[in-house]
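Everything below concerns the one structure shown next.
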Amino acid sequence: GDYTCTFTYSAQGGTNEQWQMNIGVSEDNLFFSCSVWRPQGKSYLFFTQFKAEVKGAKIEYAMAYSQAAAGGQSDVPLKQEEFEITETTVSHREGKFRFELSKLMIVAKTPHDEL
């Protein structure tokens, strides 16, 4: 529809890692979600930077994880100082980000006309 989610990154290492990206819109069309993750759990890529950007909606909630849930392990969130969230982006914070990323989740509110 009118919403896009773009994930850009720079990383080193890792071979044949499988990643997934899901995009969805709620039934009432009020929320747009975007997730990028490694289903196997922890990624062994050395991320030097990352940025996820949404267009057509404003970020309501976002979280980044150093480890994604898999095999009985739960998600391990990044520390708040490692990344920053604006109205439309989630990105690493230079000098604070510890180079680990395995999952990124965004929930954004879509603009809608009040009746």
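The values are calculated or read from the model by the stated rules, or taken from the named source; none is laboratory data. Computed from a predicted model, the values in this text were never measured in an experiment. Cβ atoms come from the backbone with ideal geometry, glycine included; neighbour counts cover every protein chain shown. The accessibility values were calculated without ligands, DNA or RNA, using every heavy atom of the protein model including side chains. Shrake-Rupley method; radii C 1.70, N 1.55, O 1.52, S 1.80 Å.
Quick notes
- Of the residues making up the range 8-18, one or more are under 25 Å from Lys109 (Cα atoms) and in contact with a strand residue (DSSP E or B) (Cβ under 6 Å, 6 or more places away or on another chain).
- Candidates Ala52, Ala70, Ala11 - the one that is in contact (Cβ under 8 Å) with a residue 24 or more places away in the chain, surrounded by 12 or more Cβ atoms within 10 Å (Cβ to Cβ), over 26 Å from Gly95 (Cα atoms) and among the aliphatic types (A, V, I, L, M): Ala70
- Qualifying residues in the range 24-45 (those that are more than 14 Å from the chain's Cα centre (by Cα) and among the aliphatic types (A, V, I, L, M)) - the one most open to solvent (accessible area, probe 1.4 Å): Val25
- In the range 73-99, the qualifying residues are those that are acidic (Asp, Glu) and either at pLDDT 95 or above or closer than 13 Å to Cys34 by Cβ (or both), and the one that is least open to solvent (accessible area, probe 1.4 Å) is Glu82.
Let's see how each residue does on (1) of a type in the set (A, V, I, L, M); (2) in contact with a Leu (Cβ under 9 Å, 6 or more places away or on another chain); (3) under 26 Å from Gln80 (Cβ atoms); (4) at pLDDT below 95:
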{"residue": "Phe7", "(1), (2), (3), (4)": "no, yes, yes, no"}
{"residue": "Met21", "(1), (2), (3), (4)": "yes, no, yes, no"}
{"residue": "Val25", "(1), (2), (3), (4)": "yes, no, no, yes"}
{"residue": "Asp28", "(1), (2), (3), (4)": "no, no, no, yes"}
{"residue": "Pro39", "(1), (2), (3), (4)": "no, no, yes, yes"}
{"residue": "Phe50", "(1), (2), (3), (4)": "no, yes, yes, no"}
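- For the range 43-58, the criterion of a residue being touching an Asp or Glu at 6+ places or on another chain (Cβ under 6 Å) and either closer than 11 Å to Met105 by Cα or of a type in the set (Lys, Arg) (or both) is satisfied by at least one position.
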